[in-house]
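First up is the structure itself, then whatever we jot down about it.
The values are calculated or read from the model by the stated rules, or taken from the named source; none is laboratory data. Just so it is clear, the structure is predicted and the values come from calculations on it, not from any experiment. Glycine also receives a Cβ, built like all others from the backbone with ideal geometry; neighbour counts cover every protein chain displayed. Heads up: the accessible areas ignore ligands, DNA and RNA and are worked out on the full protein's heavy atoms, side chains in. Shrake-Rupley method; radii C 1.70, N 1.55, O 1.52, S 1.80 Å.
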Amino acid sequence: MDTHYYALSFVNTDSKGIVADTTKVLFDNGFNLADSSSTLLQGVFSMIFIITNDKDYKEQEIKDMFKNIRSHMEVFKFDKKPEIKEGIHYSISVYGADKAGIVHAITKELAKNNLNIIDLQTKITGGSQKVYIMMLEVAADNENNENIWQEALKKTAKEINTQINIKKIEFYEL
């Protein structure tokens, strides 16, 4: 029996119980929740689920299952199991005064150095003096050019007047 893979995304204003209601539909229809990410962004709640099922559903069939869930929803069906990128993982944090272009400058340098972004989050904190914070997890193919891309990122951070911290993430077997 084949396993079929789907990505579902939901976006709506925040309301209590939306995760429970959404996952009930998945459970009632025999889906396995393989991976998920959810976050609240300025009053807007978003969820992304990677789900599997032995049944080969059409995208519209899955959308119809969620007709009673108040959310903007998209369904993406994969022809085969999505590939998980391996590599050496790093945590990167960037701090600075809030201004346009921080995300672009840092991510452009990451792309130029062939680093894959695994996770990216941003937040503005502070009172009258707003501080922009960007947290990333990235994966590199190997450690051979670690010094090159880290120095390039530090140079970019300095050019845009931000502070940057880069730390290799160590994984341990449990």
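Selection of first residues in the range 1-23 that are farther than 16 Å from LYS63 by Cα and of second residues that are in a helix (DSSP H, G or I), restricted to Cβ pairs under 6 Å at least 6 apart or on distinct chains, gives an empty result.
Checking the structure you have, find out if any residue of the range 77-96 is at positive phi and either among the aromatic types (Phe, Trp, Tyr) or in contact with a Leu (Cβ under 9 Å, 6 or more places away or on another chain) (or both). Scanning the range 77-96 turns up at least one residue that is at positive phi and either among the aromatic types (Phe, Trp, Tyr) or in contact with a Leu (Cβ under 9 Å, 6 or more places away or on another chain) (or both). Scanning the range 62-108 for residues that are of a type in the set (Phe, Trp, Tyr) and within 26 Å of THR156 (Cβ to Cβ) returns TYR90, TYR95. Of the residues making up the range 22-32, those that are open to solvent by less than 60 Å² (accessible area, probe 1.4 Å) and either among the aromatic types (Phe, Trp, Tyr) or assigned to a helix (DSSP H, G or I) (or both) are THR22, THR23, VAL25, LEU26, PHE31. Of all residues in the range 156-174, count the ones that are within 22 Å of the chain's Cα centre (by Cα), open to solvent by 100 Å² or more (accessible area, probe 1.4 Å) and among the charged types (D, E, K, R). Total satisfying the criteria: 2. Residues considered: ASP2, ASP35. Of these, the only one that is assigned to a loop (DSSP other than H, G, I, E, B) and among the acidic types (Asp, Glu) is ASP2. Of note, ALA111 satisfies the criterion of being open to solvent by 60 Å² or more (accessible area, probe 1.4 Å) and assigned to a helix (DSSP H, G or I).
You will find that of ILE48, ILE84, the residue that is closer than 27 Å to ASP141 by Cα, assigned to a loop (DSSP other than H, G, I, E, B) and aliphatic (A, V, I, L, M) is ILE84 and no other. Number of residues in the range 59-68 that are outside any loop (DSSP other than H, G, I, E, B), open to solvent by less than 100 Å² (accessible area, probe 1.4 Å) and not basic (Lys, Arg): the value is 5. Looking across the range 77-89 at every residue that is of a type outside the set (D, E, K, R) and more than 16 Å from the chain's Cα centre (by Cα), the one that is surrounded by the most Cβ atoms within 10 Å (Cβ to Cβ) is identified as ILE88.
Residues that are modelled with pLDDT of 95 or more and under 30 Å from TYR5 (Cα atoms) do not occur anywhere in the range 145-160.
Per-residue answers, yes or no, for (1) of a type in the set (Gly, Ala, Ser); (2) open to solvent by 80 Å² or more (accessible area, probe 1.4 Å); (3) assigned to a helix (DSSP H, G or I); (4) without any contact (Cβ under 8 Å) to a residue 60 or more places away in the chain:
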position	(1), (2), (3), (4)
TYR57	no, no, no, yes
ARG70	no, yes, no, yes
SER91	yes, no, no, no
ALA100	yes, yes, no, yes
THR122	no, no, no, yes
LEU136	no, no, no, yes
LYS154	no, yes, yes, yes
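Applying the selection to the range 1-21, what residues are more than 21 Å from the chain's Cα centre (by Cα), open to solvent by less than 60 Å² (accessible area, probe 1.4 Å) and either farther than 26 Å from LEU120 by Cβ or aromatic (Phe, Trp, Tyr) (or both)? Residues satisfying the conditions are HIS4, GLY17.
Restrict the check to the range 22-34 and report whether at least one residue is farther than 30 Å from ILE124 by Cα and of a type in the set (Asp, Glu). Checked the range 22-34: at least one residue is farther than 30 Å from ILE124 by Cα and of a type in the set (Asp, Glu).
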